[in-house]
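Take a look at the structure set out below.
The values are calculated or read from the model by the stated rules, or taken from the named source; none is laboratory data. For clarity, every value in this text was computed on a predicted model and none was experimentally measured. All Cβ positions, even for glycine, are placed from backbone atoms using ideal geometry, and neighbour counts span all protein chains on display. Heads up: the accessible areas ignore ligands, DNA and RNA and are worked out on the full protein's heavy atoms, side chains in. Shrake-Rupley method; radii C 1.70, N 1.55, O 1.52, S 1.80 Å.
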Amino acid sequence: MSRLVVENLQRSFGGVKAVRGVSFSLAQGEVLALIGPNGAGKTTCFNLLNGQLRPDSGTVRLDGVDLVGLPPRRIWRLGVGRTFQITATFASMTVRENVQMVFLSCRRRLFGLWQPAVGCFRDEAQNLLERVGMGAQADRPCGVLAYGDLKRVELAMALASDPKILLMDEPTAGMAPAERLELMALTSALVRERGLAVLFTEHDMDVVFGHATRIIVLDRGQLIAEGPPEAVRADERVQAVYLGTAA
Amino acid sequence: MSPQTPNTEPLLTVQNLQAWYGRAHILMGVDLTVGRGEVVALMGRNGAGKTTTMKAVMGLMDTRSGGVSFDGRDVSALPPHRIARLGLGYVPEDRRVFTELTVEENLEVGRQPPRPGAPSWTPQRLYTLFPNLAEMRGRRGGRMSGGEQQMLTLARTLMGNPSLLLLDEPSEGLAPRIVQQMAEAIRALKAEGLSVLVSEQNLSFAAAVADRASVIEKGRIRFDGPMQALLEDDTVRRQYLAV
Amino acid sequence: MSFYLVQFLSGLAAAATLFLVSSGLTIVFGVTRIVNFAHGSFYMLGAYLGWSLIERWGTTPLGFWGGVALASLAVGALGALMEVGLLRRLYRSPELFQLLATFGVVLVIQDAASYAWGSEDLLGRRAPGLKGSVDILDQPFPLYDLVLIALGPVVLGLLWLLFNRTRWGTLVRAATQDREMAAALGVDPAKLFTGVLFLGSALAGLGGALQVPREAVNLHMDMSIVVEAFVVVVVGGMGSLTGAFVASLLIGQLQAFGILVFPQITLVLVFLFMAVVLVIRPYGLLGRKEEAPPTAASPGPPLVLATGLVRWVPALLLLLLALVPLVAGDYALIVLTEVVILALMAASLHLLIGLGGLVSFGHAAYFGLGAYGSALLVKHLAAPMPLALAAAPVLAGVGALIAGWFCVRRSGLYFAMLTLAFAQIAWSVAFQWYGFTGGDNGILGVWPPDWAAGKAAYYLLTLALAGGTLFLLRRAAFAPFGYTLRAGRDSALRAEAVGIDVRRHQWYAFALAGSAAGLAGGLYAFSKGSVFPTLMAVPMSVDALVMVLMGGIQTLSGPVVGAALFHLLETEVMSLTEWWRLVLGLVIIVLVLAFPKGVAGFVRDLWMRRKEA
């Protein structure tokens, strides 16, 4: 069953059409890759889905609820989590506190003035960190973590709100090849465990073809191909605009 | 130095280079060389110290120690603009084009007087090397795609007529087709007589452009040798590059 | 009709001066990312130097214009000197430090000018050949002002050519965006920046020297012009020359006609205009959204709840302080009472700066609102002290809720400017509304009732109220509220993405901080027995910032330490000399250069290093 249904999404910037009539859907248990050349409109697409940008027309529905026009915060509360291309964590806090922050937010405890925050949702945060392999580093400040570890913290933070859909913008950018595959294997496992659905963008074709269950290809704001990895890899148009001859 | 007796001394020699971010010790003593006309790949996983090495060579780190000599001159205590004027061109990983300036103006910022012993560049020559840029010379840097910006950054640095290029992760975040173009551009520059130090995580890209490889891990060089030797050395590749 | 036309032309002439000054400010800001408070002082120096030179040579047109040019160049050279000696060391410091350092220069120049030219108003010679007036629809209009009106567009055009058609201009624009990258391409940023400071300061000096024939030169010119120039730059859009030009014209007219309608509150009108513009166009009329807005404070290390014996230090200190009246005399108790009040004021400001990354340049407004609230209740309603004291935080909190709603819409420097604007509004109301607030005569006779009139009794009351509030602020810092505030500071993007309404949180924090400052203000009013508009003026806001800075923004105990140090310095050193501005200015500059982490941060670093060794 499709959880996220996107229909005929359009958005232009000062006369330039960045996204022109994009439609796709995302079902529970899927890991959907969104690929395409730089400037094809991937980031715009992402920002339209999470509410950072408002589409000119088209609809985005999550389990039948229209998300268009809602601020990012509301969309997040309805169950759309995200990770960022460039890691963004709370650098002055420890790893565990970063995850606790998310728990505080989804349980609406942000305005507490008395009870110390370090004691709130400590065990839940620790459990989640164990799951992504960061349990041992829970007390380290986020500011000093290695890049790959930050990506894991980001994943834990995205999962803390128990989302239905996870949007990941270049989740493995800047990681070493082995780390990339490890992170995606973890993501795939979490998709199965928690009944998630993931939409991600990526330039590393090993990651895309190794972990996506389905791929959509964007070029100049339009979808030019959609299907299982093997079919997309064989598609001549995709080779011409994106993969090149070497792939 | 007369052209009859080729200078065998390396163009760039880095000895026991150390650098810190705040109190974090990132480079623990890096040694590497780049010969004249050579393309060297500086390889290693993320956080190994590739970008920091480039920045430290360029004088962009607040705290560093150790020796850097370029073209026979000690540059280890010079500020970045003096190093650049000696003929070291730096192309950063995150592109950093001047988004408010047009393509032409971006090139103007990079312009330096011609230098004997290094190819000299004019906007016209660069537009033939990067035809895309010629079409958009009046466009602001901020309105270009990532691949176009990467080309502009390279062209802008070439306007300084460098004899050695420091290219930090030129393939990162680019579509496979643009990566191929980038590799071709590097080979063309080598043919012009430029020396290049290129940092890379992508082994196939490095293999396509480099003569020699230095592998860095935890702030030290762990392997140094011909590219071919690295391709054949499974242990090094698995241990330090995780491929 | 003709009257309005002349009024319009006067507005244009005023706009020309305003544009000269604010174009310099915006150029310097664009490149250095430093909002240069001393820019107004350069304007004032230009006027003083211009006055001296014109007195000497100004009988001939050549002597007059030569004097104006020379004054402008001399001020430009001084600006270049400030870049080399001071600003260059601060480019990577948090903006709080930069603002404070340039404010230190303001204080130094104040005393230097007062030493050189005295504190009397100086009336200058009129420009030879331009002394007359022309009739415009039968109304006389000074010829000199027509020259000024023409000068504005000419300067704008020249600056545009300089920045868009010369290599120097291209390099400046490149360095404006990315200094480090420009340096890596062989551009010497230091030389470029010195040049920019010269240009910007010379423009301010020119504006000042050109004022000599129009108005008396005095020591108040610096603050009044710099605040107006801030408004112009913010309204026009930071870094935009054309924006500064348009904003100068608008504000010139607003003042020319505003004075006819609301002669008492032209200043309020200007600031309200700015607030409205910023709500409608957040980046100013012609400003563009910045890709990376300047950040307020870099995130520090994690705050850690004290454990072990250290945990009991605050309680022990409180106990010791409560025992002081047993041994101390009245004078010591008065000083200590003030220290405790200022500690609360500084801690409330630290809540914004240290946790929220929100550098408020107008925190005195809420201190003053609390003080005036209490005093007005006593004066007009004869309210008893407990009621008046209870009203102080409420009134200040409401004021902060209103101002904060505007201010938190913007971050970084814009936030600082907005808070400054609201403080100026509050100040001008207190200063100009004689009937209600007593104007600069203040309100006298605000004394505690008999049971609290003794120095010891009032000290203990202050200690209980301020100490209790400090404890609550500390709890809040470690509670989810404080964490959320820090989350918004560390990464607003991420905070929004995990459902945090950063702006709303900052708004509440602003109100909370304002309310605590209001209580401090109420306590202050009863300790002094009087209130004056200076309680809300810029120097008071700066004092509070200096306290936070002295203590260091990265520790919760910092502001308390800073307030004590500052107040002792003020009462024990600065009161001994007539040149206290000079002393304070130099202290600020030395602090900023020597202790980038504040005194408490410095001590903690020493402690950590010893522990590691």
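Things to note:
- In degrees, nearest ten, helix C:241-261 long axis to first principal axis of chain C (Cα): 80 degrees
- Selection from B:Leu197, C:Leu123, C:Leu376 lying farthest towards where the dipole of the protein assembly as shown points positive, charges on Cβ: C:Leu376
- Theoretical gain in end-to-end length, C:Arg92 to C:Ala216 [0.36 nm per residue, Cα-Cα removed]: 40.7 nm
- Between helix C:480-490 and chain C there is an angle of about 30 degrees, using the helix long axis and the longest principal axis of the Cα atoms.
- Tensor-based shape of region A:193-247 (alpha-carbon gyration tensor, a/c under 1.5 rounded, otherwise prolate or oblate): prolate
- Angle between chain C longest axis and helix C:313-323 axis [Cα atoms, degrees, rounded to 10]: 80 degrees
- Taking every residue in B:145-154 and counting other chain Cβ atoms within 10 Å of its Cβ, the average works out to 2.
- Peptides A:109-116, C:97-104 ordered by packing proxy, namely the average of other Cβ atoms within 10 Å per residue, highest first: C:97-104, A:109-116.
- Tail weight of P(r) past 30 Å, computed on alpha-carbon pairs of chain A, percent: 27 percent
- Taking 30 Å as the limit for the C-alpha separation, the pairs A:Lys42/A:Lys164; A:Lys42/B:Lys190; A:Lys42/A:Lys151; A:Lys151/B:Lys55; A:Lys17/B:Lys55 exceed it in the case of A:Lys42/B:Lys190; A:Lys17/B:Lys55.
- Distance from region C:434-504 to region C:321-357 (C-alpha centre basis), Å: 12 Å
- Relative contact order of region C:432-575: 26 percent, from C-alpha pairs under 8 Å at least 6 residues apart in sequence.
- Take each peptide in A:232-243, A:161-172, C:370-381, count the other Cβ atoms within 10 Å of every residue, and average; sorted highest first, the result is C:370-381, A:161-172, A:232-243.
- Among B:Leu158, B:Leu189, B:Leu60, the largest mean-square fluctuation in a Gaussian network model of chain B (Cα springs under 10 Å) belongs to B:Leu60.
- Over region B:12-241, all Cα pairs binned in 5 Å intervals from 0 give whole-percent P(r) values of 1, 7, 15, 19, 20, 17, 12, 6, 2, 0, listed from short to long.
- Averaging 1/r across all pairs of distinct Cα atoms in chain C and inverting the result yields a Kirkwood radius of 25.4 Å.
- Calculated from backbone phi, Karplus (6.51, -1.76, 1.60) coupling profile of region C:59-73 in Hz, x at Gly/Pro: 6, 10, x, 4, x, 4, 5, x, x, 4, 5, 5, 4, 4, 5
- Computed lengthening from B:Arg143 to B:Thr99, 0.36 nm per intervening residue step minus Cα-Cα distance: 15.1 nm
- Rolling a 1.4 Å probe over the protein heavy atoms of chain C, with every protein chain left in place, gives an accessible area that is 69 percent carbon and sulfur.
- Residues in the protein assembly as shown average 39 Å² of solvent-accessible surface per residue, probe 1.4 Å, ligands and nucleic acids excluded.
- Note on the protein assembly as shown: Kirkwood hydrodynamic radius from all Cα pairs is 32.2 Å, rounded to one decimal.
- Mean per-residue shielding of peptide A:113-121 is 6, counting Cβ atoms of other chains within 10 Å of each Cβ.
- Using a Förster distance of 22 Å, the FRET efficiency for B:Glu135-A:Ser12 (Cβ separation, nearest 0.05): 0.55
- Shielding by partners - mean other protein chain Cβ count within 10 Å, residues of A:33-43: 3
- Cleavage-rule hits (GluC sites (Glu not before Pro)) in region C:535-593: DSSP loop, at most 14 neighbouring Cβ within 10 angstrom: C:Glu578
- Across chain B, the mean sequence separation of Cα contacts (distance under 8 Å, 6 or more residues apart), normalised by length, yields a relative contact order of 27 percent.
- Ranked by how many other beta carbons lie within 10 Å on average, peptides C:316-325, C:405-414 from highest: C:405-414, C:316-325
- Euclidean distance between Cα centres, region A:1-79 to region A:133-161, Å: 27 Å
- Between chain A and chain C, roughly 2800 Å² of accessible surface gets buried, counting both sides and using a 1.4 Å probe.
- For region A:92-120 versus region C:524-600, the gap between their alpha-carbon centres in whole angstrom: 34 Å
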